[in-house]
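The values are calculated or read from the model by the stated rules, or taken from the named source; none is laboratory data. What you see is a predicted model; the values in this text were computed from it and never measured. Cβ: placed from backbone, ideal geometry, glycine included. Neighbour counts: every protein chain shown. For accessibility, only protein heavy atoms count, side chains too; no ligands or nucleic acids. Shrake-Rupley method; radii C 1.70, N 1.55, O 1.52, S 1.80 Å.
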Amino acid sequence: EYMGEESAVEVSEGKHKSKKVQRKKKVQTKQSETCGDGTIKWFHVDKTGTSFINVLMTYACDGMNDTASALSNGYTNTNQSDFRNKCSTRMNICPHVLHAHYSIGERSCVANEPGCKLFAGMFRQPEQRAMSNYNYQHEQASKGNPVNEYFDLTEDLLENTRRFAGCYVKMLIGQVCGKEEVSDEDMAVNTDAAKQVIGDQFVFTGLTEEWELSVCLFHAVLGGNCHRREFLNVNMGNASKSTGYDTSLLGGWSDVYDGAIYADVTLRFAASTREYGVNTQACRDVICAAAPDAFE
């Protein structure tokens, strides 16, 4: 599946003696004849981090200039042909790249390929994601922009978050988030199936709340050099809060199904950072040495 190549790098530990940090570089190879062309696929749930496109671009796109980012000329939704020409050899690019919130299997760019670890995605604490999405959809409506076709602007916050519960679960197994209610019994079964999809088809899972370390981990797993563009917030809503939203407004309600997915991904994240030696010092001095300010 993947073959590793290690390089030892000396890093300083202040008053402590220096030690060698093993930076493992995993080089993707053809996993089986059923894995297509082996290009990375982006699993993108609303409000988990559109900025992740800058990470994928840095990894996948050839000939990017130093100032290019997701919202710069040549890499936006309005110039997708240029985007595809630069990036398509290592990334499966969906239509409407920045806002391609497709369930697995919904399109060929996010094809369901069991046994092929080709998906990469960020995951956000579910109640924070839900509140961010609620605010963002209302913000878009106030500007006269389109909103999610299943989003009901007449619903209050709690009604809406309940109806959009389980988005991770649904999108991981090919269902559409917010389109229809699913019974608790079915959702419990679907949650187990969704966890299996993550284990079976994801080469990388990051946490929105641990953005810098997630970017670093991405490069530790898949290789390539970090760039300062990967730490930009390119799609911040007017109601965004760096300290997080006040979830008490949900009256104690929580998304138990997406909560289970988030807990699973958090454990995977912790295990991966240990496996690849990813921590603030190693990221600043070794893995993301080209963008050290992100880890100050």
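Post the alpha-carbon centroid distance, the range 256-296 to the range 159-181, in whole angstrom.
When both Cα centres are located, 27 Å separates them.
Which far-off residues, 5 or more places away or on another chain, put their amide H under 5 Å from the one on ILE40, with H placed in the peptide plane?
For ILE40, whose amide H was placed from the backbone, the distant partners under 5 Å are MET91, ASN92.
Evaluate the relative contact order of the range 57-200 (contact order divided by residue number), counting alpha-carbon pairs under 8 angstrom at least 6 apart; express in whole percent.
Details: 118 pairs, mean separation 26.2, N = 144.
It rounds to 18 percent for the range 57-200.
Would you kindly derive the ³J(HN,Hα) couplings of the range 155-164 from the backbone phi angles with the Karplus curve 6.51 cos²θ - 1.76 cosθ + 1.60 (θ = phi - 60°), listing them in order in whole Hz, with x for Gly and Pro?
6, 7, 4, 5, 4, 5, 5, 5, 6, 9
Mind listing the phi-derived Karplus ³J(HN,Hα) values for the range 251-262, rounded to whole Hz, using 6.51, -1.76 and 1.60 with θ = phi - 60°, and x for any glycine or proline?
These are the phi-based 3J(HN,Hα) values: x, x, 5, 9, 8, 5, 6, 5, x, 5, 5, 5 Hz.
Hey, got a sec? Which trypsin sites (Lys or Arg not before Pro) in the range 79-143 land in a DSSP loop and have at most 12 other Cβ atoms within 10 Å?
On the way: sites: ARG84, LYS86, ARG90, ARG107, LYS117, ARG124, ARG129, LYS143; in loops: ARG90, ARG107, LYS117, ARG124, LYS143.
Filter output for the range 79-143: LYS143.
Hand me the GluC sites (Glu not before Pro) from the range 116-178 located in a DSSP loop with no more than 14 other Cβ atoms within 10 Å, in residue order please.
On the way: sites: GLU127, GLU139, GLU149, GLU155, GLU159; in loops: GLU149, GLU155.
Loop-located and lightly packed - GLU149, GLU155.
Taking all protein chains as present, what is the carbon and sulfur share of the accessible area of the range 77-217, in % to the nearest whole number, probe 1.4 Å? Please report the intermediate quantities before stating the final value.
Details: 2740 of 6140 Å².
Of the solvent-accessible surface of the range 77-217, carbon and sulfur hold 45 percent.
Would you mind giving the average projected area, over all directions, of the Cα convex hull of the range 108-172 in nm² with one decimal?
Details: hull surface 22.5 nm².
Projected over every direction and averaged, the Cα hull of the range 108-172 covers 5.6 nm².
Report the relative contact order of the range 86-165, percent, no decimals, based on alpha-carbon pairs under 8 angstrom and at least 6 residues apart.
After rounding, I find 19 percent.
Please list, in chain and number order, the residues 5+ apart from TYR102 or on another chain whose amide H is under 5 Å from its amide H, with Hs placed from the backbone.
Result for TYR102 returns HIS44.
Evaluate the distance, in nm, between pseudo-label points positioned 7 Å from the Cα of GLU275 and of VAL182 along their respective Cα→Cβ axes.
The two pseudo-label positions are separated by 2.6 nm.
Using a 1.4 Å probe and ignoring any ligands, DNA or RNA, find the accessible area of HIS44 and quote it in Å² to the nearest 10.
HIS44 has an accessible surface of roughly 0 Å² with all protein chains in place.
Considering only DSSP states other than H, G, I, E and B, which chymotrypsin sites (Phe, Trp or Tyr not before Pro) in the range 118-198 qualify as loop sites with at most 15 other Cβ atoms within 10 Å?
Working: sites: PHE119, PHE123, TYR134, TYR136, TYR150, PHE151, PHE164, TYR168; in loops: TYR150, PHE151, PHE164.
Counting only loop positions with at most 15 other Cβ atoms within 10 Å, the chymotrypsin sites (Phe, Trp or Tyr not before Pro) in the range 118-198 are TYR150.
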